[in-house]
1. About the Cα centre, and with charges only on the beta carbon of Lys, Arg (+1) and Asp, Glu (-1), how big is the dipole of region B:36-163? Nearest 20 debye, please.
2. With θ set to phi - 60° and the Karplus curve 6.51 cos²θ - 1.76 cosθ + 1.60, what are the ³J(HN,Hα) couplings of region A:28-33 in order, to the nearest whole Hz, using x for Gly and Pro?
3. Using C-alpha positions alone, give me the convex hull volume of region A:1-98 per residue in cubic angstrom.
4. How do B:His17, A:His8 line up, fewest other C-beta atoms within 10 Å first?
5. Using only Cα atoms, locate the centre of region A:15-31 and the centre of region B:124-174, then give the distance between them in Å, rounded to an integer.
6. Select from A:Leu44, A:Leu79, A:Leu15 the residue whose mean-square fluctuation is largest in a Gaussian network model of chain A (Cα-Cα springs shorter than 10 Å).
7. Quick one: among B:Leu114, B:Leu66, B:Leu45, which has the greatest mean-square fluctuation in a GNM of chain B with alpha-carbon springs under 10 angstrom?
8. I need B:Thr100, A:Thr5 ordered by Cβ neighbour count within 10 Å, fewest first.
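Values quoted throughout were computed directly from the atomic coordinates according to the rules given, and no laboratory measurement underlies them. All values derive from a computational prediction rather than experimental measurement. Backbone-built Cβ (ideal geometry, glycine too); neighbour counts: all protein chains shown.
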Amino acid sequence: MSVMTIYHLVAIFLLCLGIFGIVYRRTLVGIVLGIELILNGAGLSIMASAQLTPAPNALGQAGALLVMGLAAAEATLLLAILLVVSKRFKNVEADKLITMRG
Amino acid sequence: MENLQYENLAWAVLYGHIAIIAVGGFITVLSQSLVRALVGLIMTLFGVAGLFFLMAAPFIALMQLLIYVGAVSVLIFFAIMLTNAWPGGDESVARTGKKTVYALLAAMLPAIFLGSAAIKTAPPSDLVSKEIEVSVLGQFFMADFILPFELISLLLTVAMAGAVVLALERRRQK
C-alpha cells in the first residue's frame, strides 16, 4: 500500500464518520459538526493527491485553501440560519422542523 | 534518496496523527455533549494539520489552524451557545436501534466502495513530497488560478452579507 493510499483511506474515514454523524445526530449543530468532518476529509484527499504524485504541488495547495474558504463561508451562513431557526422554533432538533413557513 | 534517515520517525508521526484523527472523529460523532463533540472536532482538525505538515505543506497547515481551529470552531461554539443546544438537551436522549443501523449503513457503503476503489486504482506515489515556497503558491493564485481566487472572495463577501441580513431581518419584524 502506497503512502498516498493511507492518506486517502484517512480521508474516506473522515467522510464516513461525517455521514454517520449527519444521520445519527439530532440537533442541527451536531449535523454541522459532521459536515465539517467531511470537508476536512476532502481537503486532506486533495492535498495528498497533489503532494505525493507528479501533479503540480501548487494546484493541490490552492485546492485545499479553496475548501477552507468554502468551509468558512458555510459556517458563517449556517450560524445565521441556526440563529433564525432557533428564534422561530425555540429548538434546533432536526426532526421537529417540519414546516417551511416560519 | 538521502533524506530518508528519519523514515521510522516519519511513519510514527503519520500513524500517531491518524490515531489522533480517529479518536477525535469518534468523539465528534458519538459524544452526548455538543461542547465535547466540538472539542473532538478541534482534535481532528489538529490531526489533519499535522498530516499537512508531514506532507511538506506548512503554509496550508498553518492556514488550517488559523481558519478551522481559529475561526470555524469559534463560530460553531457560538452556534452551540446561542441555540440552547445545552448538554443534557436533545442530544442526550437515547437513539432508537433503527436510527443507529441506518447511520451505520449510510457510513458503510461509501467506506466499502470508495475504500476498495482507492486501494485498487492507486497510482504509484512518492514517499516524500517536495516543499514549494509560499511565493510560488502566491504567483499560482495570481496568475493561473485568478478566477477561482476572486470567486471565493466574492463568495465570502456574499456569505457574510447574507448572514448579517438574516440576523437583522428577524429583529426588524419584532
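1. 620 debye
2. For region A:28-33, the Karplus-derived couplings read 5, 5, x, 5, 4, 4 Hz, x marking Gly and Pro.
3. Taking only Cα atoms, region A:1-98 has a hull volume of 76 Å³ per residue.
4. Taking fewest neighbouring Cβ atoms as first place, the list is B:His17, A:His8.
5. A separation of 25 Å, based on Cα centres.
6. Its mean-square fluctuation being the largest, the pick is A:Leu79.
7. B:Leu114
8. Going from least to most buried by this count: B:Thr100, A:Thr5.
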